[in-house]
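Structure record follows, encoded as structure tokens.
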Amino acid sequence: MGKPLQIEAGTDTQPTAQVDLDSRLVIVANRLPVHRVKRKGRTRWETSPGGLVSALAPFVRQAEGAWVGWPGFAGGNNRAFNHDGIRNRIVRLEEQDLDRFYYGFSNATLWPLYHDAIRPPVFRRGWWRRYVEVNRRYAEATAKAMELGADGDLVWVHDYQLQLVPRMLRTLAPDNRIGFFLHIPFPPEEIFARLPWRTQVLEGLLGADVIGFQTSLGAQNFVRSVKRFTQARGTDQMLEFEGRSVRVGVFPISIDVQHFAETAATASAIERAEVLRSQLGPGEQPRKIILGVDRLDYTKGIDIRMRAFQELLHRGRKNKSMSVRDCVMCQVAVPTRSGVDEYTKLRRTVEEHVGRINGEYGEPGLAAIHYLHRNLEFEELVAFYLAADVMVVTPLRDGMNLVAKEYVASRLGNTGSLVLSEFAGAAHEFRSALLVNPYDIDGLASSMQTALTLPQQDIARRMSSLRRALKRNDVFDWAASFLRELDPGSSS
Ligand code: G6P
């Protein structure tokens with residue numbers, strides 16, 4: 001087709017992300033880019049919020065492509081439909097598929113295993129069998145969505161839930177270009193080695209022509225495991241498997257920088273941030289706000305972060321330097337995967353911490369920690385970013401972490417400090433953040449203290465450097481760079 005697809009990234013250093021795709025594009029992801037909402041007794045589809053959808057939707061629309069995925073509820077029909085210029089191909093999942101494929105193998109086996117085994121991964125043969133079966137359903141739905149024509153379509157498969165799809169699809173449609181991107185970390189070989197089905201998973205991925213990772217560490221871990229557990233041979237960038245070449249690359253994901261910046265500049269977001277500041281930090285001298293925003297996931301280090309804040313208050317009480325009159329922590333915890341035991345346990349732990357710390361350090365009218373267990377609307381989220389003096393992003397392991405990037409994108413005036421885990425993919429680009437070991441309670445407390453007391457010019461210098469790093473790579477650049485690699489006929 002060769003339609004020029006030019007997307008304005010809208011930043012001063014990186015004006016456009018441009019790719020001229022030669023073929024139709026089919027996206028395969030666990031979830032569709034839409035979800036069903038019920039308003040005034042009527043249900044309808046709405047485009048889902050989130051970076052991946054906003055990044056890929058323009059490419060799919062322009063390439064007259066399709067999106068294959070699960071609609072977010074059990075059962076239903078599997079009739080394809082168009083929404084907002086995109087052809088949606090439903091993969092229908094029943095309750096039992098959700099238990100075994102989604103909550104089970106994807107989120108209680110692979111998720112902990114790939115995040116350094118922070119929680120013990122559960123290995124169940126029945127879950128694995130269902131993972132294979134559901135991956136096959138995705139592959140078949142994708143083959144149906146494709147036009148098996150002369151040039152072939154481009155297929156881009158996403159994330160750990162669908163690692164077998166590339167190879168299955170290769171059998172169904174041998175001449176198409178298939179890409180795979182892993183959004184989460186790929187673990188070190190000695191951890192991956194525990195997986196009873198390690199060879200099948202790696203061979204599943206090797207069905208792709210291009211396999212993308214967030215960081216060079218993830219790519220290296222993958223290649224090491226591939227060489228140990230499969231017949232593939234080659235370099236860190238190029239593998240040979242079953243007579244084909246497989247390119248391995250690093251493509252750090254990002255966000256729609258302009259969307260955050262534009263929202264952060266609106267009068268309503270600024271006013272809302274002022275209201276939040278006065279609500280969170282009442283008193284003559286407004287309190288400094290330390291903010292955390294995370295899915296309530298054990299990989300995010302929320303509990304350890306709260307204990308570090310407790311340590312900060314403890315030290316402050318001892319040497320009379322800091323109290324709840326000076327600072328407050330606000331933790332937004334977005335509900336997620338409540339069907340997995342470890343998530344229910346984590347919620348209990350976090351809520352116990354909030355109670356204990358508030359009981360110990362709070363004062364009438366001055367809570368030490370404000371805890372919100374909910375999803376925030378986009379503008380409200382940006383208002384929280386604007387209100388926060390310090391953003392704490394301290395995952396124990398994270399593929400990238402987009403919250404760190406969203407905070408930086410919202411801080412137009414180069415104010416605000418970012419405390420960032422060394423173990424988040426974002427730390428590779430954000431060298432000017434206050435980098436911390438998220439397991440180190442004392443070190444974390446000291447970094448929060450530093451962030452709260454840093455001179456204004458140091459804050460500005462660090463934030464302006466973070467903003468430069470962010471502008472070099474927004475989510476459209478990310479998508480374009482992967483697609484250029486996937487489509488040999490593309491031009492840029
Ligand atoms: C991570 C994963 C995504 C996943 C998201 C939300 O970012 O990489 O694949 O969609 O979490 O999790 P959920 O289980 O609700 O889809």
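The values are calculated or read from the model by the stated rules, or taken from the named source; none is laboratory data. Quantities reported herein were computed from a predicted structural model and do not represent experimental measurements. Cβ: placed from backbone, ideal geometry, glycine included. Neighbour counts: every protein chain shown. Each accessible area value is taken on the protein alone, full model and side chains, heavy atoms only, with ligands, DNA and RNA left out. Shrake-Rupley method; radii C 1.70, N 1.55, O 1.52, S 1.80 Å.
State all residues of the range 77-97 that are more than 18 Å from E140 (Cα to Cα) and in a loop (DSSP other than H, G, I, E, B); if no residue qualifies, say none.
D84, G85 - these are the residues of the range 77-97 that are more than 18 Å from E140 (Cα to Cα) and in a loop (DSSP other than H, G, I, E, B).
What pairs can you find where one residue is in the range 449-472 and on the phi < 0 side of the Ramachandran plot, the other is modelled with pLDDT under 95 and buried (at least 17 other Cβ atoms within 10 Å of the Cβ), and their Cβ atoms are less than 7 Å apart, with a gap of 6+ or different chains?
Note: pairs meeting the criteria are K471/T11.
Out of A409, A383, A451, A460, I need the residue that is open to solvent by less than 10 Å² (accessible area, probe 1.4 Å), farther than 30 Å from H314 by Cβ and over 19 Å from the mean Cα position of the chain (by Cα). Which one?
A383
Is the range 74-90 home to any residue that is touching a helix residue (DSSP H, G or I) at 6+ places or on another chain (Cβ under 8 Å), surrounded by fewer than 21 Cβ atoms within 10 Å (Cβ to Cβ), closer than 27 Å to E242 by Cβ and not small (G, A, S)?
Looking through the range 74-90, none of the residues is touching a helix residue (DSSP H, G or I) at 6+ places or on another chain (Cβ under 8 Å), surrounded by fewer than 21 Cβ atoms within 10 Å (Cβ to Cβ), closer than 27 Å to E242 by Cβ and not small (G, A, S).
Which one of these is away from the ligand (no atom under 13 Å from the Cβ) and surrounded by fewer than 21 Cβ atoms within 10 Å (Cβ to Cβ): R136, R31?
Only one candidate passes the filter, namely R136.
Could you list, in sequence order, all residues of the range 337-358 that are within 16 Å of the ligand (Cβ to nearest atom) and in a helix (DSSP H, G or I)?
Listed by number, the residues that qualify are D341, E342, Y343, T344, L346, R347.
For residues in the range 231-256 being basic (K, R) and within 18 Å of T199 (Cα to Cα), which is most open to solvent (accessible area, probe 1.4 Å)?
The qualifying residue most open to solvent (accessible area, probe 1.4 Å) is R233.
Does I289 satisfy the criteria of being under 19 Å from the mean Cα position of the chain (by Cα) and crowded, with 16+ Cβ neighbours inside 10 Å? So that I can check it myself, show each step before the final result.
Working: under 19 Å from the mean Cα position of the chain (by Cα): no; crowded, with 16+ Cβ neighbours inside 10 Å: yes.
Criteria not met by I289.
Limited to the range 245-294, what total is found for residues that are charged (D, E, K, R) and assigned to a helix (DSSP H, G or I)?
5
Restricting to the range 41-54, name every residue that is under 14 Å from H158 (Cα atoms) and either open to solvent by 60 Å² or more (accessible area, probe 1.4 Å) or at pLDDT 85 or above (or both).
Within the range 41-54, L52, V53 meet the criteria.
Check E377, E363 and return the single one that is within 30 Å of T415 (Cα to Cα), assigned by TED's automatic domain parsing to the domain that holds H428, free of Cβ contacts under 8 Å to residues at least 12 places away in the same chain and away from the ligand (no atom under 15 Å from the Cβ). Outline the logic, then answer.
Values: E363 fails: free of Cβ contacts under 8 Å to residues at least 12 places away in the same chain.
After ruling out the rest, the residue left standing is E377.
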